[in-house]
Amino acid sequence: MSENFERRVIHALIRSAQPPTREQREKLVHFLASRYHGEIRMSWDKDPSVVDGFILTAGSDVYDWSIEGRLQQMKNQINSAPERPGVSVISLIRESVENFRMVAEPTEVGKVLTVGDGVATVGGLQGACYGEIIAFENGIKGMVQDLKKDYIGCILFGSDEPIKAGGKVYRTYHQAGIPVGDQLLGRVVDPLGQPIDDMGPIRTEGFRPLECKAPGIIDRQPVDRPMETGLLCIDAMFPIGRGQRELIIGDRQTGKTTIALDTILNQKDKDVICIYVAIGQKNSSVAQTVETLRKYQLLNQCIVVVAGASDPVPMQYIAPYSGTAMGEYFMHKGKDVLIVYDDLSKHATSYRTISLLLGRSPGREAYPGDIFYLHSRLLERSAHLSDELGGGSLTALPIVETQAGDVSAYIPTNIISITDGQIFLESDLFFSGQRPAVNVGLSVSRVGGAAQTKAMKSATGTLRLDLSQYREMQVFTQFDSDLDDLTKSQLEYGRCLMRLLRQPQHSPLTNEQQVILLVCALGHKLQHLDPRTLDRVKVTLIKEIEDRYPEIIVSLSDGKKLTQEEESSILSACDEILKEVV
C-alpha cells in the first residue's frame with residue numbers, strides 16, 4: 001500500500017438534549033468503527049427536541065435512537081407483521097411490544113437539491129438503487145430514476161409543491177411496486193393502485209414490483225391458443241394468440257382504441273382477465289370506455305388503469321408498468337390476461353419529458369437512447385407460461401399513433417421490431433367507410449395460423465391473396481372503362497370481400513359465425529348481391545343458419561378441421577336462405 005494513502009475520516013454527529021458521557025462516546029465510536037472503515041471523529045450538538053435518547057449521524061446514515069425513532073420502528077414492525085386469522089389487533093400489538101428490539105440499522109438521509117415539474121434531484125443518498133422508493137419529509141413518495149456520481153434524480157408520485165430545496169429525503173430500501181389482488185377487478189384505479197371510481201377502498205392480497213424480469217425461454221411455451229377479437233378481418237388474416245404482442249398502429253382517429261375495446265368485449269364469458277391502461281388520454285374518453293364496459297356487463301372482469309392527460313408526467317410513465325404488474329399477478333395464477341396499452345406514443349413522450357428534466361442528452365429524434373430498451377423490457381413480460389408454471393398467459397395489445405401514416409418514424413419502428421406483428425389502420429380506408437380500416441398489405445401476424453382454430457384456418461383459404469389482387473387490380477383499372485367480363489367479375493368479387501369485412505363497432509362475431517361468412521363469401525355466393533344490402537343479408541344469413549341448422553354450429557364448435565361435407569352443408573344452406581331474403 002502506498003505510504004501517501006490517506007485514511008478515510010468519518011464525521012459523526014450526536015444530537016441529544018444532554019451531552020453523552022465518556023463511556024457512551026467510546027461505545028458509539030466502537031460501534032461506528034465496526035461498520036465503517038476509517039477514522040471516527042465525533043462531535044455533539046445540543047438538540048432539546050430529541051427526547052430521551054439521541055440521534056447519531058454518520059455521513060448520510062442516520063441512527064435514530066430517540067423515543068420518536070423507537071416508536072417509528074415499532075410501528076413499522078407492527079405494519080409488516082403478517083395477517084393471522086383469529087388474532088386480534090390488541091394481541092398483535094402486545095406481542096410486538098414484548099418482542100420489540102431496537103434495530104441498529106441506519107436510515108440513509110439525503111437533501112433535496114432541486115425540484116420542479118414532477119422531478120427532483122437529491123444529494124446524499126449514495127446507496128440508493130435504480131427503481132427504489134424514497135420518501136420526502138412531507139410524506140410524498142418518489143422513485144429513483146437516474147444515478148449520478150454526486151446526486152440522484154427521481155420522479156415524484158404526487159404534487160411537487162410541498163417539496164422545497166433543502167428538505168430531507170429518506171431511503172425506504174424497497175423497490176417500487178403496486179398492490180395486487182382479485183378485488184381490483186371491476187375497478188378504475190390510478191397507476192399507484194388507488195381507486196378513483198368513488199366505490200370505496202380496495203383490499204389487495206399482495207404486492208408486485210413495477211419492473212421485474214421477463215419469463216425466460218424455458219419458462220414459456222409456444223403461442224398456440226387464439227385470443228379472438230371478434231373482428232372478421234383480424235381473426236381471419238392476422239390472428240392473435242394468447243401470449244402474443246400485437247401492435248395496433250395508425251393515425252389519430254382511425255379506430256385503434258375501438259379495435260382494442262371490441263377485443264375486450266369479445267372476451268365476455270371466456271374467463272379472460274382484461275386490463276385497459278389509458279396513458280395521457282382525456283378523462284372524458286376514458287369515462288366513455290368505462291361506461292361501454294359497464295353497458296356490456298364486462299367491467300367485472302376488467303381493470304382500468306388511468307393516467308390522464310392532466311395527471312403528472314411520472315404517473316403517465318409508470319402506468320403501463322402498473323397494469324403489467326397487475327396482469328402478471330393473474331398470469332402466475334394460471335389465468336389468461338389481455339392488456340391494452342393506449343397508447344405507447346404518449347408513454348414515450350412522458351419518458352422523454354422526464355429524461356430532459358433530469359438532464360439526459362436526447363438521442364435520435366430527440367428521444368432518450370434507451371427508449372427502445374424501455375419498451376422491450378415492458379413488452380417482453382407478455383408470455384404464455386409453461387404448464388409447470390401454471391400455463392397462464394399475458395397478451396399485449398400496444399397502441400401507437402403515427403403521423404401521416406409514417407410507420408418508419410422512430411417510436412413506431414422501435415415497437416414494430418419488438419412486437420409479434422402489427423395491425424395497420426389506414427386513414428383513407430377509414431374515411432371511405434371501410435371500418436375496421438385494416439390495411440391488408442402492411443398488417444401482419446408473426447404467429448399466423450398457429451393461433452387459429454382448425455376450422456377458421458380452413459375457411460380463410462385465399463382471402464388475403466384475393467384482397468391483395470383486388471387492390472392491385474383496382475389501381476390499374478380505375479381509369480379504364482372498357483373491361484372484360486373476367487376482370488369485372490374479379491372486381492365484383494373483391495368489392496364483396498371488402499364489404500364483408502366491414503363490421504359495426506361493439507358487434508363482435510363468434511368463431512362459428514366468422515367461418516360461415518367466410519365459406520359463403522369465398523364460395524362466391526355473395527358477390528352478386530348489391531353491396532348496399534350485403535350488411536343486412538349477412539346478419540340475416542347468420543341468424544337463419546343458427547336457427548334452422550344448429551347441427552352446423554355444433555360441428556364448427558368442436559375445434560376440428562372444416563370438412564368438405566360441412567362446407568357443402570353451409571353453401572347449400574346459404575343458397576336456400578338467399579332465395580328467401582334477396
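Annotation: amide H-H contacts under 5 Å for T107 (H modelled 1.01 Å from N, sequence separation of 5 or more, or interchain): V62, Y63, D64.
Backbone geometry of the stretch 232-244 corresponds, through the Karplus equation with coefficients 6.51, -1.76 and 1.60 at θ = phi - 60°, to 3J(HN,Hα) couplings of 4, 5, 8, 5, 7, 10, 10, x, 10, x, 6, x, 8 Hz, x marking Gly and Pro.
Of the cross-linked pairs K295/K335; K256/K454; K141/K333; K27/K168; K256/K282, those separated by over 20 Å at the C-alpha level are K295/K335; K256/K454; K141/K333; K27/K168. The dipole here belongs to the chain: it is taken about the Cα centre, uses +1 on the Cβ of Lys and Arg and -1 on the Cβ of Asp and Glu, and is about 1460 debye. A cut-off of 5 Å between modelled amide H atoms, ignoring neighbours fewer than 5 places along the same chain, links L147 with G153. The H on the amide N of V169, modeled in the peptide plane, is under 5 Å from the matching H of G110, K111, V112, each at least 5 residues off or on a different chain. Each of L358, A348, G334 was placed along the dipole of the stretch 324-370 (beta-carbon charges, centred on the mean Cα), and the one lying farthest toward the positive end is L358.
Summed over qualifying helices (DSSP H, 4 residues or more, each -39500 (n - 2.57)) and divided by its residue number, the chain shows a 222 nm mean residue ellipticity of -11500 deg cm²/dmol. Note that the chain presents 49 Å² accessible area per residue, ligands and nucleic acids not counted, probe 1.4 Å.
In order along the stretch 292-308, phi translates into HN-Hα couplings of 5, 4, 5, 4, 8, 6, 10, 4, 5, 10, 10, 10, 10, 9, 10, 10, x Hz, rounded to whole numbers, per the Karplus curve 6.51 cos²θ - 1.76 cosθ + 1.60 with θ = phi - 60° and x for Gly and Pro. Simple rule: put +1 on each Lys or Arg Cβ and -1 on each Asp or Glu Cβ in the stretch 444-484, find the dipole, and look at M456, Q469, L483; the Cα lying farthest toward the positive end is M456.
For the chain, carbon and sulfur atoms together expose 52% of the accessible surface, with a 1.4 angstrom probe and every protein chain in place.
Kindly provide log₁₀ I(q)/I(0) values, in the same order as q = 0.06 Å⁻¹, from the Debye equation applied to equal alpha-carbon scatterers of the chain. Here the Debye-derived log intensity ratios amount to -0.43.
In sequence order, the stretch 414-421 has phi-based couplings of 4, 6, 4, 6, 8, 7, 9, x Hz under the Karplus curve 6.51 cos²θ - 1.76 cosθ + 1.60, θ = phi - 60°, and Gly or Pro positions carry x.
The loop-placed chymotrypsin sites (Phe, Trp or Tyr not before Pro) in the stretch 472-512, going by DSSP, that have at most 13 neighbouring Cβ atoms within 10 Å of their Cβ come out as F479. Spread over its residues, the convex hull of the C-alpha atoms of the stretch 394-476 is 128 Å³ per residue. When the Cα positions of T172, G241, C496 are compared along the charge dipole of the chain, T172 comes out farthest toward the positive end, with charges on each C-beta of Lys, Arg, Asp and Glu. Plainly put, the stretch 344-438 has a radius of gyration that is 1.06 times its Kirkwood radius, both from alpha-carbon atoms, as the Rg/Rh ratio.
Computed extension length for A309-T21: 97.8 nm, one decimal, from 0.36 nm per residue of separation with the Cα-Cα distance subtracted.
The values are calculated or read from the model by the stated rules, or taken from the named source; none is laboratory data. Note that the coordinates shown come from a computational prediction; the quantities given were computed from them, not determined experimentally. Here the Cβ is made from the backbone with ideal geometry for all residues, glycine too, and neighbour counts use every protein chain on show. These accessible areas exclude ligands, DNA and RNA; they are computed on the full protein's heavy atoms, side chains included. Shrake-Rupley method; radii C 1.70, N 1.55, O 1.52, S 1.80 Å.
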